[in-house]
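Single-structure report; data block below.
The values are calculated or read from the model by the stated rules, or taken from the named source; none is laboratory data. Computed from a predicted structure; not experimentally measured. For neighbour counting, all protein chains shown are included, and Cβ atoms are generated from backbone atoms with ideal geometry for every residue, glycine included. Only protein heavy atoms, including side chains, enter the accessible area calculation; ligands, DNA and RNA are left aside. Shrake-Rupley method; radii C 1.70, N 1.55, O 1.52, S 1.80 Å.
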Amino acid sequence: MTNPLDQAPTYIKLAVDLIMILEQHDVAPEEVLKALEIVKSDFEKEANRKLTLFSMLNWIGSYSLFVFLTINFSLLTLVYYFYVSVPNMAYTIYKPCYSKS
């Protein structure tokens, strides 16, 4: 026969473990609630810090992609200008030199 707790989500198992530990140590319910408020506050701060860090990394990644694309577009523009536009302008300006006499 299997224990139904084995199939339970992790947070249920953790809650059951915490209840058992607190009951075994005969901690007053008021003290438990005060301690749980501190623990909850601490874990919420940690979760917010991780979320903020993730948001910052995500923004930096997006900004880096923008800079990368901007630089590459600028380089492509320069390449086009020097290898396509300039030779075409030179051919247009000096076209008489290329014509058959």
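Some observations on this one:
- The C-beta contact set for segment 32-52 (first residue under 16 Å from ILE21 (Cβ atoms), second residue open to solvent by 100 Å² or more (accessible area, probe 1.4 Å) and among the acidic types (Asp, Glu), distance under 6 angstrom, 6+ apart or interchain) is empty.
- Residues of segment 12-48 that are surrounded by 11 or more Cβ atoms within 10 Å (Cβ to Cβ) and assigned to a loop (DSSP other than H, G, I, E, B): VAL27 alone.
- Evaluation of PRO9 against the conditions (1) exposed (fewer than 10 other Cβ atoms within 10 Å of the Cβ); (2) at pLDDT below 75 shows that the sole unmet condition is (2).
- Of the residues contained in segment 91-99, one or more are found to be open to solvent by 80 Å² or more (accessible area, probe 1.4 Å), modelled with pLDDT under 85 and hydrophobic (A, V, I, L, M, F, W, C).
- Check on THR77, more than 29 Å from the chain's Cα centre (by Cα) and either surrounded by fewer than 10 Cβ atoms within 10 Å (Cβ to Cβ) or modelled with pLDDT under 70 (or both): no
- For segment 34-53, the criterion of being modelled with pLDDT of 75 or more, among the β-branched types (Val, Ile, Thr) and in contact with a helix residue (DSSP H, G or I) (Cβ under 6 Å, 6 or more places away or on another chain) is met by none of the residues.
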